[in-house]
């Protein structure tokens, strides 16, 4: 279980799994807030589809004002979105957004859960969503979450009654929650789960409505609110000096990969929830009406409450340790509870309170950040009790490393005890990795066969120390994950997870390699040793019809962490072809074909991901005109690298430097995705870009959203209006509206074959209004919808060409889609 997270003045108990961050050192006010939460036995589950869907105001209100145990069930990990802070997409973006959700929950006081559903991209209807997700399996995960968390109250972010009106994932999340509400208490539904959990029936299901769902504030003011509850989520917490809405904004701002930084607000702010199932409380100020949230709720709880309510009432802010004796008595009684659910929840909470009140600090630190199977591990142990409580360290056990240290040490007030222990990682130990990525899933589902893992936010680190302490005569075990820490000259003390990695890894930097300018390319393969003295050979698997030289290369790496790059020459066939290559490292007959990917951002813990090492190779029949391309970066994509792959010279343009003089030498200028949403300078530089076109240049603008545009009146040289139109079916039929236009014919003849193999979608945020100067080149539509004619617009302006496209080139290039490269080359070649 995760350690206590004390954030922004609040004691936020969250049973997350990873605690590889700097340990928290709570103050007396935070400890008192934790005791209040210990004395509340009620739970709320908030349900939606993606990271960022959750209402942090309501989650914080439930967790910090009502003191309820509160969790957010996000059906997906947000893998299908875009990344505003780096190059990671798909699975790696899902890892980032998982950690951002955990950071958000550690801020607003909630817990985090997931299903196995994969965010496959935008969906227009829940029927499509259910089909791709495998509704039965995702529904089982929602039922599992309810049975495991046992919420009294469920709150849906979205309305289950409005399919087709919003993102299909959104409505699907509400529909699944509404269905699971009735199923979770039925022992005949998913009976295989009952070997781990009991059935559970929540009391009430709500929909978190607002004026937005009514179309306008005026409509909402006129609406019947007899079935609604209202909460003032703007309440102020003197113990932290923050309003609930300020905490919610801090939580929201953890979603950095989506650019959701939020400014804190103050003052009253109502949130509304509509009753969907269960009885509406008569007292509309009490969502838990009729539900006993005191210790009297459970058999044997009254005696515990008699102690803990007095601890809360008589808490000594100058000396929190004065409560330890009573807290220990309550801990003993909690161990005798028959209700195992509350026994586990409250045991974890009270143990952390006892540790905090005692000033107890326990830590197990590895001398290295990672290790491999069968390797020795050296640990430094610190234990200190900073109070006058009677505390004895009886043993330290790290089962995973075979360590059982039983030297008894009395922990005197503020006298540190340090040890050095040695252990060994078993040869059959699993490598550290996000558990949902261990097996290949489908478009809509991750494959997780271990029932106990389903729903967990991240993989539990199994190398943990059990500190067995005797406090005031009672034995209490404390679990601490083994971590790694170092000192950074600028940042100071830095914590990282302690991880088990493969003995050797192999990677090819480029995940797509395009053959457009000759039959042969050199393929660098980087081998990295996870341990010392690695000797063997490296070879390359490759598609039929391709050839590789040499057949294998010998390697010898003597030091842990040492890297060596070997070069293979891969030759393509004459005709257009594609396939996959993978490096294979042979060490004493054992074949290794995984690569280690690290994710390192300041706002989330360091992440290590182990994935199959694989690169797509594409022999592409492509012609192009022009050479020098200027690229204005937007919200993050790999288009510049992709264009370099097919032979263009691409230079990044700093928006600050845009002027007629800096643009004149480019054959074409490409504007990155959402640049007009994210790059402030473009509203001052847009006229320079349009003048560049007028004087003979070629400007290609990729998709932007129709909200928060930096330029509204002159996005194009002629009137042009963006919409929310999109085509989410990647196989939707493409109609050529202007088959004779230059962009479809030169220098590459574009045919229907060029639109085969597209991934995730055709495109998004197409224009839906434009002046006659533009030529609509293509049209497409999803099933049952009208034809969308705005995927690709071209206008002659002065001597040059202006191109606006909502086609998803930023998704197709990383997937190595041949036709996307050919069409983009034609766009860049206009006027040449």
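Throughout, read-outs are computed from the coordinates displayed, never taken from laboratory work. Not measured: the values here are computed from a predicted model. Glycine also receives a Cβ, built like all others from the backbone with ideal geometry; neighbour counts cover every protein chain displayed.
Taking label positions 7 Å along the Cα-Cβ direction at both residue 224 and residue 785, the computed distance is 3.4 nm, reported to one decimal. Ordered by the number of other Cβ atoms lying within 10 Å of each residue's own Cβ, fewest first, 257, 262 fall into the sequence 262, 257. Here each label is just a point 7 Å from Cα along the line to Cβ, and for residue 753 and residue 547 those points are 2.5 nm apart. Our note on the geometry: Cα centres of segment 347-365 and segment 759-832, 58 Å apart. Between the Cα long axis of helix 324-334 and the first principal axis of the chain there is an angle of about 80°, rounded to the nearest 10.
Counting alpha carbon pairs within less than 8 Å and at least 6 residues apart, what relative contact order, in whole percent, applies to the chain? Here the relative contact order equals 10 percent.
For segment 625-675 versus segment 118-133, the spacing of their alpha-carbon centroids is 34 Å.
Segment residue 182..residue 554, full-extension length gain: 127.8 nm, with 0.36 nm per residue of separation and the alpha-carbon distance subtracted. Measuring nothing but alpha carbons in segment 30-163 and taking Rh as the Kirkwood radius, the Rg to Rh ratio lands at 1.00. Express in whole angstrom the spacing between the alpha-carbon centres of segment 464-538 and segment 211-238. Here the two parts' Cα centres lie 48 Å apart. May I ask you to work out the translational diffusion coefficient for segment 628-829 at 10 °C, viscosity 1.306 mPa s, via Stokes-Einstein with Rh from the Kirkwood sum over Cα pairs, reported in whole µm²/s? For these conditions, the coefficient is 95 µm²/s.
What FRET efficiency comes out for residue 195 versus residue 652 if R0 is 45 angstrom and r is the Cβ-Cβ distance? Round to the nearest 0.05.
Between residue 195 and residue 652 the formula returns 0.20.
Footprinting exposure proxy ranking of 116, 416, fewest other C-beta atoms within 10 angstrom first, gives 416, 116. Considering only alpha-carbon pairs that sit under 8 angstrom and 6 or more positions apart, the relative contact order computed for segment 42-293 is 23 percent.
Taking the number of Cβ atoms within 10 Å of each Cβ as an exposure proxy, the fewest-first ranking of 405, 167 is 405, 167. For the chain, DSSP calls about 75 percent of its internal beta bridges antiparallel. Potential lengthening of the chain between residue 28 and residue 127 amounts to 30.5 nm, from the contour at 0.36 nm per residue minus the alpha-carbon distance. Relative to the dominant Cα principal axis of the chain, helix 168-183 is inclined by about 30°. In segment 669-796, Cα pairs under 8 Å separated by at least six residues give a relative contact order of 25 percent. Taking Cα atoms only, the orientation of helix 818-829 departs from the longest principal axis of the chain by about 60 degrees.
Its DSSP H runs of at least 4 residues, each contributing -39,500 (n - 2.57), put the calculated 222 nm mean residue ellipticity of the chain at -6500 deg cm²/dmol, to the nearest 500. Volume per residue for segment 594-643 equals 124 cubic angstrom (convex hull of Cα atoms).
Peptides 239-247, 55-63, 98-106, 193-201 ranked from most to least packed give 55-63, 98-106, 239-247, 193-201, packing being the mean of other C-beta atoms within 10 angstrom over each peptide's residues.
Here, segment 504-619 yields an orientationally averaged convex hull projection of 8.1 nm² when only Cα atoms define the hull.
Overall, the ratio between the Cα radius of gyration of segment 42-293 and 2.2 N^0.38 Å, rounded to two decimals, is 0.98.
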